[in-house]
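Readers should treat all values here as calculations from the given coordinates under stated rules, not as data from a laboratory. Computed from a predicted structure; not experimentally measured. No Cβ is skipped: glycine too gets one built from the backbone with ideal geometry, and neighbour counts run over all protein chains shown.
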Amino acid sequence: MYSFATGSGKTSLGLQDRYTSQFYDYSLDDTPRSTVQSTNYIDGTLDWTPSGNRWSTGLWVRNLGNRHYTASVYDAPGTYGNH
């Protein structure tokens, strides 16, 4: 977090990186089509605190790059429709 004085208070800026590596999701076998790709999100915050530190206000943004990823998959061939 980076903070600096502004007007009659303090402004703080922050960035956070959220990374998840590739994994297999809901699969009977770890097949390539049950793979969920790695994800990398950048989040940001902007806060302002007036002199006296009695309160603050802020904004936060998730996924600044507006990236879209597959969150989960279900791979179970031959398990539905067979009676």
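Below are the figures for this structure:
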quantity: Local net charge near Ala76, Cβ-Cβ under 12 Å (Lys/Arg +1, Asp/Glu -1); calculated: -2
quantity: Interatomic Cα distance distribution for the chain, bins of 10 angstrom, percent; calculated: 15, 28, 20, 15, 12, 7, 2, 0
quantity: Relative packing of peptides 43-50, 61-68 - highest average C-beta neighbours within 10 Å first; calculated: 43-50, 61-68
quantity: Magnitude of the charge dipole, the chain, Cβ model with Lys/Arg +1 and Asp/Glu -1, debye to 20; calculated: 480 debye
quantity: Lys/Arg +1, Asp/Glu -1 at C-beta; the range 2-61 dipole; positive extreme among Thr35, Thr11, Pro50; calculated: Pro50
